[in-house]
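The block underneath contains the structure these notes are about, expressed in structure tokens.
The values are calculated or read from the model by the stated rules, or taken from the named source; none is laboratory data. Note that this is a predicted model, so its numbers are computed, not measured. Methodologically, a virtual Cβ is constructed for each residue, glycine included, from the backbone with ideal geometry; neighbour enumeration extends over all protein chains shown. Note: areas computed on protein heavy atoms with side chains; ligands, DNA, RNA excluded. Shrake-Rupley method; radii C 1.70, N 1.55, O 1.52, S 1.80 Å.
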Amino acid sequence: MRAKLRMGFAPFLSKLYISTCRTSSLPPSSSSSVIQPWLFIGLGNPGEKYQSTRHNVGFDMIDAFAESQGISLTTHHFKALFGEVVVDGVPVLLAKPQTYINLSGESAGALAAYYKLPLHRVIVAYDDTDLPCGVLRLQPKGGYGRHNGKHLPC
């Protein structure tokens, strides 16, 4: 499964998605534009018991992307393993919350709030048992009835 993730997910995000989704936090008429970062969060459960299981596919996706960019996630930041990289001039923040999956909102919400990111700049990767193994679905918005992680206001 990790090999499929490396071949499919990392190039998709780094070349297609990030390059075509640049936005500025300032109006286009401003002389100095600031590119807002993207926050990629991979959900899973910490510990050896869950390594390489479908339940940790969010962690695996973040690991694959980090590896494709040559960075490691060794910093602990807001209850998450954390890393930063710039892809095509766009800052990307990577996080693997180290709480159990149902408490991942504690980390994800704190990170988004700290970096003052609007929700459309946050991408969350997690397993969905409604999908066949190996299938990736991208949704512009989340919905109820899927993942039941604890949600905290940003």
Suppose we filter region 138-154 for residues that are open to solvent by 100 Å² or more (accessible area, probe 1.4 Å) and either farther than 24 Å from L111 by Cα or at pLDDT 70 or above (or both); how many remain? 2
Can we say D88 is surrounded by fewer than 18 Cβ atoms within 10 Å (Cβ to Cβ) and in contact with a Ser or Thr (Cβ under 8 Å, 6 or more places away or on another chain)? yes
Can you name every residue in region 91-137 that is under 15 Å from N56 (Cα atoms), among the polar types (S, T, N, Q) and open to solvent by less than 50 Å² (accessible area, probe 1.4 Å)? T99, S104
Residue that is surrounded by the fewest Cβ atoms within 10 Å (Cβ to Cβ) [pool: residues in region 64-73 that are assigned to a helix (DSSP H, G or I) and without any contact (Cβ under 8 Å) to a residue 60 or more places away in the chain]: Q69
Look through S19, S14, S31 and report the one residue that is farther than 23 Å from A110 by Cα, at pLDDT below 50 and either in contact with a Ser or Thr (Cβ under 8 Å, 6 or more places away or on another chain) or surrounded by 14 or more Cβ atoms within 10 Å (Cβ to Cβ) (or both). S14
Among the residues of region 34-60, which ones are in contact (Cβ under 8 Å) with a residue 60 or more places away in the chain and among the polar types (S, T, N, Q)? Q36, N56
Can you name every residue in region 74-85 that is buried (at least 21 other Cβ atoms within 10 Å of the Cβ) and either touching a Phe, Trp or Tyr at 6+ places or on another chain (Cβ under 9 Å) or over 16 Å from I123 (Cβ atoms) (or both)? L81
List the pairs whose first member sits in region 107-118 and is of a type outside the set (S, T, N, Q), whose second member is surrounded by fewer than 15 Cβ atoms within 10 Å (Cβ to Cβ) and in a helix (DSSP H, G or I), and whose Cβ atoms are under 9 Å apart, counting only residues at least 6 apart or on separate chains? A112/L119
For region 68-88, which positions are over 23 Å from G109 (Cβ atoms), touching a helix residue (DSSP H, G or I) at 6+ places or on another chain (Cβ under 9 Å) and either at pLDDT 95 or above or not β-branched (V, I, T) (or both)? S68, Q69, S72, D88
From the list Y114, Y126, Y100, Y50, which residue is modelled with pLDDT of 90 or more and among the hydroxyl-bearing types (S, T, Y)? Y114
